[in-house]
Structure formats: structure tokens, C-alpha cells
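The values are calculated or read from the model by the stated rules, or taken from the named source; none is laboratory data. Just so you know, these numbers come straight off a predicted model, no measurement behind them. Ideal geometry is used to build each Cβ from the backbone, glycine not excepted, and the neighbour counts take in all protein chains shown. What goes into the accessible areas is simple: the full protein's heavy atoms, side chains included, and nothing from ligands, DNA or RNA. Shrake-Rupley method; radii C 1.70, N 1.55, O 1.52, S 1.80 Å.
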Amino acid sequence: MILPNLVTLLALCSGLTAIRMAVEARWDMAIGAIVLAAVLDALDGRVARFLRSTSRFGAELDSLADFVNFGVAPAIILYMWILNELGSFGWITALVFAISMALRLARFNVALDDPKKPAWQANFFTGTPAPAGALVVLLPVYLHQLGVLDRWAEFAPVAVGYTYIVAFLLVSRLPTYSGKRIGMRIRKDIVLPIFVAAVLLVALGASYPFQVLALATVAYLVSIPFAGRSWRMYERADAARAGGGAKADAEAVDQATQAEGADGAGEASPPSTSSTS
């Protein structure tokens with residue numbers, strides 16, 4: 001149990017370091033700490049399952065760390081970066097994002113106990129997951145680091161509106177793609193291409209971090225409508241299967257009823273007799 005919980009604590013340290021970097025206005029280091037926390041968050045659960053050391057303690061620790069790393073830290077980064085230009089209203093915006101993250105994590109923990117979910121729902125999250133929400137809400141900071149926009153006071157209302165949109169995505173019922181099953185089963189013929197793609201992605205992320213983060217954020221936002229369409233296709237397939245089963249059951253009942261009626265009619269009719277004199 002030690003190793004996965006240690007990974008979770010390292011992620012928490014990274015999130016807390018992001019807060020320090022934001023206070024010191026070192027935006028690139030703050031973003032890097034959030035990204036590192038997201039990577040470690042993706043690893044701790046996989047490490048726990050691989051070592052068969054999942055526990056209730058680890059799940060609670062992971063949830064608390066996620067709130068700090070992806071709720072509190074991004075909110076403070078945004079506030080220190082531009083939301084403080086709006087005074088109390090900017091702080092309220094930061095609070096709304098952090099609270100939305102807490103609600104999203106609480107709903108996720110409750111949903112884990114639902115035994116009636118179809119298997120295909122494991123391919124989706126309900127609402128934007130915590131790491132994705134943290135990285136998506138920081139898109140204005142990425143653009144600032146790329147020189148696309150400056151931190152002028154007139155941009156603060158736009159940043160506020162964007163933060164509220166991401167907060168809504170966190171607590172919404174919109175389905176989004178889940179990457180939990182990625183890499184669980186890989187065909188042998190694509191292992192080497194995956195190695196090349198992974199090395200290329202890491203190299204691009206190290207060389208052009210904010211370009212990659214900005215493109216990944218836009219791609220994720222574009223994918224949300226497609227996730228909704230996939231979800232509806234699964235739902236229609238389930239409804240069709242359920243309808244087919246109900247129709248078959250109804251036909252079986254009708255056939256049984258007709259058979260019982262025929263038997264009853266045969267018992268009610270007197271046997272035919274012929275009398276001879």
C-alpha cells in the first residue's frame with residue numbers, strides 16, 4: 001500500500017508547489033507543477049491496481065489530493081494571474097471554480113458505488129474529470145505564455161466567463177471521454193508505433209510545452225460533443241436491446257395465453273358420441 005499512496009503524496013506536493021509558484025508569479029513553473037500533478041494522479045491508481053494494493057484509505061487520500069491539486073491550485077493561479085484585477089468578484093470566481101471541483105469529486109466518489117451502471121459507461125466520465133478541468137481552465141495562461149494575449153485589465157471579464165464555463169463543465173451531466181482503459185490491452189503489431197508516438201509527444205511537450213497544452217485543451221473541448229454523440233449511440237443500443245427483449249417476452253406471453261385458451265376450449269367442449277339403435 002505504500003507505493004501508490006507515496007505517488008499520491010508526491011502529486012499533492014506538486015500541487016502545493018504550484019500555489020507557491022503562483023504567489024511568486026512564476027507562471028511557467030506553476031503550470032509545470034500542475035501538469036506533473038496530473039501525470040502522478042494518472043499513475044497512482046494504475047500502480048495500486050497493478051500491485052493489487054487498492055484501499056479505502058488510498059481512495060480518500062487521492063480525492064483530497066485531487067481537490068488541492070486541481071481545485072485550489074488552479075483557482076489561486078488564475079486569481080494571482082488576472083482575477084485579482086476584479087477584486088472581490090475575481091475572488092468569488094476562484095471560489096466558484098474550487099467549489100465546483102469539490103462537488104465534482106464528491107459526485108464521482110458516490111458514483112463508484114453504483115452497481116447498476118452498464119459496462120460501456122466505463123468509457124466515459126460524467127462531466128469534465130478533475131485533472132482535465134484544471135488543465136483546461138488554465139488555457140488563458142497558456143496563451144499569455146505564448147504571447148497571444150497580455151494580462152490587461154480589460155481581459156479579466158473574459159477570463160471570468162471562461163472560468164465559469166469550465167466550472168459548469170465540471171458539475172454538468174455532460175459525458176466526456178475517459179482514458180482509463182487506454183493502454184490496458186495493446187495489440188503486438190502496434191506496440192512499436194506507440195513507443196514512437198509516446199517519445200514524440202514527450203519531446204514536443206518538453207520543447208513546446210505551452211503550444212502542446214493549448215492544442216490539447218482545444219482538442220479536448222472539441223471532443224466533448226463527440227463524446228455526447230457516442231454516449232447517445234450506446235443508450236440507443238441499450239434501448240433497442242431492452243425493447244427487443246420486452247417484445248420477445250410479450251410474444252412469449254401471447255403464445256402461452258393462446259395455448260392456454262385452446263386447452264381450455266378443448267376441455268369445455270363435450271366429446272362427440274354416436275348412438276346406434
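Do we have any residue at all in the range 85-102 that's under 17 Å from residue 8 (Cα atoms), in contact with a helix residue (DSSP H, G or I) (Cβ under 7 Å, 6 or more places away or on another chain) and open to solvent by 40 Å² or more (accessible area, probe 1.4 Å)? No, there is no match, as no residue in the range 85-102 is under 17 Å from residue 8 (Cα atoms), in contact with a helix residue (DSSP H, G or I) (Cβ under 7 Å, 6 or more places away or on another chain) and open to solvent by 40 Å² or more (accessible area, probe 1.4 Å). Note on the range 94-198: enclosed helices (runs of 4 or more DSSP H) holding 1 or more residues that are touching a Gly at 6+ places or on another chain (Cβ under 6 Å) are 156-171. Scanning the range 171-205 for residues that are open to solvent by 90 Å² or more (accessible area, probe 1.4 Å), modelled with pLDDT of 90 or more and not aliphatic (A, V, I, L, M) gives a single hit, 173. Scanning the range 66-84 for residues that are under 13 Å from residue 134 (Cα atoms) and either charged (D, E, K, R) or surrounded by fewer than 16 Cβ atoms within 10 Å (Cβ to Cβ) (or both) yields a single hit, 66.
Considering 212, 148, 191, the condition of being among the β-branched types (Val, Ile, Thr), out of contact with any Pro (no Cβ under 9 Å at 6 or more places or on another chain) and over 28 Å from residue 28 (Cα atoms) is satisfied by 191 alone.
Just name the residue that is most open to solvent (accessible area, probe 1.4 Å) out of those in the range 10-65 that are among the charged types (D, E, K, R) and without any contact (Cβ under 8 Å) to a residue 12 or more places away in the chain. Outline the logic, then answer.
First pass over the range 10-65, keeping only residues among the charged types (D, E, K, R): 20, 24, 26, 28, 41, 44, 46, 49, 52, 56, 60, 62.
Of the ones still in play, those that are also without any contact (Cβ under 8 Å) to a residue 12 or more places away in the chain are 20, 24, 26, 46, 49, 52, 56, 60.
On the way: 20: 136, 24: 79, 26: 100, 46: 93, 49: 136, 52: 221, 56: 162, 60: 83 Å².
Ranking the qualifying residues of the range 10-65, first place goes to 52.
Name the residue, out of 135, 105, that is of a type in the set (A, V, I, L, M), at pLDDT below 95, crowded, with 17+ Cβ neighbours inside 10 Å and within 21 Å of the chain's Cα centre (by Cα). Walk me through how you get there before you give the answer.
Numbers: 135 fails: at pLDDT below 95.
Only one candidate passes the filter, namely 105.
Specify the residue that is farthest from residue 135 (Cα to Cα); the eligible residues are those in the range 1-60 that are among the β-branched types (Val, Ile, Thr) and touching a Pro at 6+ places or on another chain (Cβ under 7 Å).
Let us first name the residues in the range 1-60 that are among the β-branched types (Val, Ile, Thr), namely 2, 7-8, 17, 19, 23, 31, 34-35, 39, 47, 54.
Filter again for touching a Pro at 6+ places or on another chain (Cβ under 7 Å), leaving 34, 47.
Numbers: 34: 8, 47: 23 Å.
Checked the range 1-60; the qualifying residue farthest from residue 135 (Cα to Cα) is 47.
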